[in-house]
Amino acid sequence: MIPDYDYMANKFKATLVTWEDIDRWCGKISRDVADTFKVDTIIGIARGGVVPARILSDRLWVKDMLSVKTEHWGLTATKDGEAVLKTKIDTDLRGRKVLVVDDITDTGESMSVAYNYIKSLHPDELKSATMLHINRSKYVPDYYAELITEKNWAWFIFPWNVYEDLNNLIRKSISDYADIDKVRESLKQDYDLDTSNLDIETILEDLVHFGKMKRQNNRYVTVQ
Ligand code: AMP
């Protein structure tokens with residue numbers, strides 16, 4: 001869910017997350033976990049939690065990593081019904097101390113669904129971690145690196161989601177062919193998104209290559 005104020009205008013804040021942010025957040029989580037919980041199995045919630053889970057498996061020296069998949073949000077910043085578990089695991093968790101990992105708890109529904117499912121597989125102990133935690137989430141993870149107030153809600157564009165998110169944001173923002181400057185300007189205007197550190201041209205060309213956008217001369221439009 002996005003805050004009500006601009007929902008009708010289809011405008012909201014979007015923020016680019018850097019690898020430095022990811023490193024800092026995973027570093028904090030790994031130190032907090034290492035001090036309090038002897039993990040032997042990490043489960044990443046696909047897709048957003050897979051990379052953080054892999055980084056934590058490195059930092060916590062845990063080689064046993066699995067994944068479950070939940071689905072909840074549809075197109076960038078648009079909810080797609082109730083969170084549901086899409087992929088289960090075929091592993092007996094008895095005797096294991098498990099850390100379940102996601103990128104962010106926003107509504108908290110995905111983590112809640114995954115946590116309850118993993119709990120039903122009878123691990124010895126189960127704890128949860130997310131890099132970001134929005135304070136209105138109905139689920140509070142045992143570990144998180146940063147608390148975001150609802151007032152500071154944004155759609156966080158993680159480095160592993162740049163193409164999907166930008167394609168969706170551009171589609172929402174621009175309905176006709178636009179050049180790169182216009183794309184940057186619209187993203188700034190509609191989502192307060194600073195793209196100065198992004199190689200937008202390469203991203204747009206790749207989106208054309210994959211059939212997500214069309215180009216006419218130096219102007220681009222999303223394929224609807
Ligand atoms: P939720 O069930 O609402 O806690 O979120 C489920 C998943 O949707 C998260 O694991 C993220 O991958 C994605 N997501 C939800 N809210 C955001 C957000 N504000 N920014 C980026 N991704 C989000």
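The values are calculated or read from the model by the stated rules, or taken from the named source; none is laboratory data. Small disclaimer: the values here were computed from a predicted structure and weren't measured. Because the Cβ atoms are built from the backbone with ideal geometry, glycine has one as well, and the counts that use them run over all protein chains shown. Keep in mind that these areas ignore ligands, DNA and RNA; they rest on the heavy atoms of the full protein, side chains included. Shrake-Rupley method; radii C 1.70, N 1.55, O 1.52, S 1.80 Å.
Tabulated data
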{"quantity": "Stokes-Einstein D (µm²/s) once Rh is taken as the Kirkwood radius of the chain over alpha-carbon pairs, at 25 °C in 0.890 mPa s", "calculated": "132"}
{"quantity": "Extension gain (nm, one decimal) between K88 and K182, 0.36 nm per residue minus Cα-Cα", "calculated": "29.5 nm"}
{"quantity": "Crossing angle, helix 19-36 versus the chain [Cα axis fit, 0-90 degrees, rounded to tens]", "calculated": "10"}
{"quantity": "Accessible area of the chain divided out per residue, in Å², using a probe of 1.4 angstrom", "calculated": "52"}
{"quantity": "Under-20-angstrom lysine pairs by C-alpha in segment 75-219, whenever the two are 8 or more apart or on separate chains", "calculated": "20"}
{"quantity": "Sum of -39500 (n - 2.57) over DSSP H runs of 4+, divided by residues of the chain (222 nm, nearest 500)", "calculated": "-10000 deg cm²/dmol"}
{"quantity": "Beta bridge orientation in segment 18-156: antiparallel %, DSSP, nearest 5", "calculated": "15"}
{"quantity": "Crossing angle, helix 109-119 versus the chain [Cα axis fit, 0-90 degrees, rounded to tens]", "calculated": "30"}
{"quantity": "Acute angle (nearest 10 degrees) that the helix 50-59 long axis makes with the longest principal axis of the chain, alpha-carbon atoms", "calculated": "50"}
{"quantity": "Protein accessible area in segment 76-223, 1.4 Å probe - carbon and sulfur %", "calculated": "43"}
{"quantity": "Calculated FRET efficiency for the pair Q189/K119, C-beta based, R₀ 35 Å, to 0.05", "calculated": "0.20"}
{"quantity": "Reach of K13 by Cα under 13 Å, taken over aspartates and glutamates that are not fewer than 8 positions away in the same chain", "calculated": "D4, E150, D165, D190, D192, D194"}
